[in-house]
Amino acid sequence: MGDMLLMGFQIVFTPQTFLLICAGTILGVIFGAMPGVSASMAVALAMPFAYAMSPIVAIAFLVAVYCASITGGGITAILFKIPGTPSSAPTTFDGYPLAMQGKAGKALGVSLVCSAIGGIVASIAMFLLSPQLANVALKFGPAELFAVSFLGLSVLTALDSDNLVKTLISGLIGLFLATVGMDPLMAVPRFTWGNPALLSGIEMIPIMIGMFAITEVLKQTQKPAKLADTGSGSKVKTSLLSLKEAWSIKWTIVRSSIIGTLVGILPGAGATIASFLSYTTEVKMSKTPEIFGKGAIEGVAASETANNAATGGSMVPLLALGIPGGNAAAIMMSALVLKGVQLGPLLLKTQPDYLSSVFASMIVTNIIMVIIAMAIAKVFSKILKVPYSILGPAIVLFATIGSFALQNSTGDVILMAVAGILGYAFVKFKFSSAALVLGLVLGGMTESNLRRAISLANGDVVAVLTKPITATLLTVCCVMLLYPIIKSFISSKKEKATA
Amino acid sequence: MILELLFNAALLIFFAYCHYYIGATMPASPPTELGAEQWPQLILRALIILIVVNIVKIYRSTPAEERSLKSLKEIKLPDLIKNKLFAGIIFILLYAFSLEFAGFLLGTFVFIIAYARLIGERRIKVLAGSSFVMTFGLYLLFARGLSIMLPRGYGILRSLALMLESI
């Protein structure tokens, strides 16, 4: 083990590899911070550079781009409420309110440090437990994956317990939107009304950008009096977490690292689901859930720790089994296959230098990423000095490019605009945009896995739901779903008794 | 409050129609499977029930005068058009719908000037300068730097966009 570790760091600290990791980190943070350039797109954009490198250097470089792009997504989420990558969407819930309170620097510091910790924890897990974790992942069939996605949905009740019915309606609208387009199993068109543009479904990125960024611009257009609070014109100073602050959120970081790593390992789950799951778990576990959504550093920490931990997790099935856990891992895999590397169980035995170099490059990337991302965040935060009369249209402009770049389609821009207007109506009538996005993110995974599981069990729903892992996870879901209802029932009874 | 009730009623009508539509347009699935139409139907049924519950809650908690349709008559068209939010929504929609034929360059240049003016920027030089820098700067960055071609528009606008891309 020690020899492997040494070998990994020897590879990473050769001048050429180290410089390429630094370059990959810079590229990744910038790409990640650009709305519309997702982590997988960032890796794809970096691919041409990797062709000229040796396989080990190429994977170290691509891993650097991947990890850094996930972190970069948090910068614009905090400063402008535009999630740079889908996995940064939950960061906007508390990161942007912190920026509104003039604490953008603090939010950025929490985001960067927690990203690094999450990434490092996941890479250690990957290095020490790759084969074992991969075997655990193999035990997760459609029924278990359905339970995982349902676990994510069960936290809907925690997002806004004051407006439970409206939050549930919002989540269900998200689930409904996820059903538009070709059905995942039978390829039957649903809710397309004969429009071929709807066949590929409703993309989640334009919806997220619209509901968060455009809605915010519309809010500021309606009430410009609030502009003084946004920090426009003020200086943003990025500050790292103090030891005391880090200690106060230690359990958030621990929980989010574990959730992120485990969800990252599961095929088809990925960083977006990890960050949502982790955020909502924190809301559930918190003694003060009411502060979430209003600028809680635990919210930023949960989301950013988990999405970076998922990057390490997604490397486990890639290296140990040759199964890519997500889009970015699939692109990395294709680069390595093109270079003649055969990924899979034998790789760890015949060429352990791959695992050790990926591990070392992830550790190095996550450390240098804090410094590089801080510098880049400072450049981005200078944009906050621009008066809102210019910044507002600029945000719409970035949101437009982010939505268009996804599929080179102006249809996505229209979708973003409509989502922005719907988002404003949601704010006005106290529905939950976050719940809608959560439903949209988890909808596809929930449906396809449930239907696959029922089909495999020949229609026996009971057999599907009583599998050990599935039953355990579903029990947790029930507890999480019913807890706020029981809690409010008990407190109303107590109030009546005292009155 | 009447607006909230109308919003919920619109949601209810739309989702009830979707429930009818999916049932009427898709064949029934075999009993051993959860069919392509059954999952959306489950979601839509839950949605319809919850929206009805929400409407009843709003109706009960609202005084009679506030839920009267008469309050809608108080909204006057000239005031609505002058409303910044309404204008902002129209600008964003026009921008989104015009991108395809007006192209990124013209559409964005005009949009930034119009929206910035709407939310308070009056200096013509600042409006034109910032709009020019953002529009052309971002177009060049994405087209040349990232090979992401933004909408070119039609006719002369397309020629201008192609010329910029070849710089």
- Could you pull out every one of the aspartates and glutamates with an alpha carbon less than 13 Å from that of A:LYS284, ignoring same-chain neighbours closer than 8 positions? A:ASP160, A:GLU298
- Task: For chain A, report the translational diffusion coefficient in µm²/s to the nearest whole number, using Stokes-Einstein at 4 °C, 1.567 mPa s, and a Kirkwood Rh over Cα pairs.
- Result: 57
- Task: Provide a whole-number value for the mean count of partner chain Cβ atoms within 10 Å of the Cβ atoms in peptide A:458-470.
- Result: 1
- Work through the residues other than B:ASN8 whose Cβ is under 15 Å from its Cβ and net out their charges, Lys, Arg +1 and Asp, Glu -1. +4
- Wrap a convex hull around the Cα atoms of the range A:22-138, take a quarter of its surface area, and give that in square nanometres. 8.1
- What is the Cα radius of gyration of the range B:1-142 over 2.2 N^0.38 Å, N being its residue count? 1.60
- Task: Taking the Cα centre of the protein assembly as shown as origin, work out the dipole magnitude from +1 charges on Lys and Arg Cβ and -1 charges on Asp and Glu Cβ, in debye rounded to 20.
- Result: 1700
- The helix B:156-165 Cα axis meets the longest alpha-carbon principal axis of chain B at an angle in degrees, between 0 and 90 and rounded to 10, of 70
- Query: Highest mean first, what order results for A:385-398, B:123-136, A:167-180 on Cβ atoms within 10 Å?
  - Reply: A:167-180, A:385-398, B:123-136
- Query: Any idea what the dipole of the range B:1-141 comes to, in debye rounded to 20, about its Cα centre with Lys/Arg Cβ at +1 and Asp/Glu Cβ at -1?
  - Reply: 680
- Task: Rounded to the nearest Å, what's the spacing between the alpha carbon centres of the range A:329-392 and the range B:1-75? Just the number, please.
- Result: 44
- Taking only DSSP H segments of four or more residues, each worth -39500 (n - 2.57), what value at 222 nm results for the protein assembly as shown once the sum is divided by all its residues, to the nearest 500 deg cm²/dmol? -24500 deg cm²/dmol
- Neighbour-count ranking [beta-carbon atoms within 10 angstrom, fewest first] of A:MET41, A:MET34, A:MET186, A:MET4: A:MET186, A:MET4, A:MET41, A:MET34
- Task: Please name which of B:TYR20, B:ALA36, B:ALA10 has its Cα lying farthest along the dipole of the range B:2-74 towards the positive end, using unit charges on Cβ (Lys, Arg +1; Asp, Glu -1) and the Cα centre as origin.
- Result: B:ALA10
- Once you've got the Cα coordinates, tell me which of A:LYS287/A:LYS430; A:LYS430/A:LYS467; A:LYS287/A:LYS385; A:LYS244/A:LYS494 are over 27 Å apart. A:LYS430/A:LYS467; A:LYS287/A:LYS385; A:LYS244/A:LYS494
- Query: Hey, what's the per residue convex hull volume over the C-alpha atoms of the range B:2-74, in cubic angstrom?
  - Reply: 81
- At a Förster radius of 45 Å, what calculated FRET efficiency corresponds to the Cβ-Cβ distance of A:THR466 and A:LYS496, to the nearest 0.05? 0.70
- Task: Please find, in a Gaussian network model of chain B (springs between Cα atoms separated by less than 10 Å), the residue of B:PHE104, B:PHE14, B:PHE91 whose mean-square fluctuation is greatest.
- Result: B:PHE14
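Since every read-out is calculated from the coordinates, none of them should be taken as a lab result. Owing to the predicted nature of the structure, the values given are computational and were not obtained by experimental measurement. Positions of Cβ are backbone-derived with ideal geometry, glycine not excepted, and every protein chain shown enters the neighbour counts.
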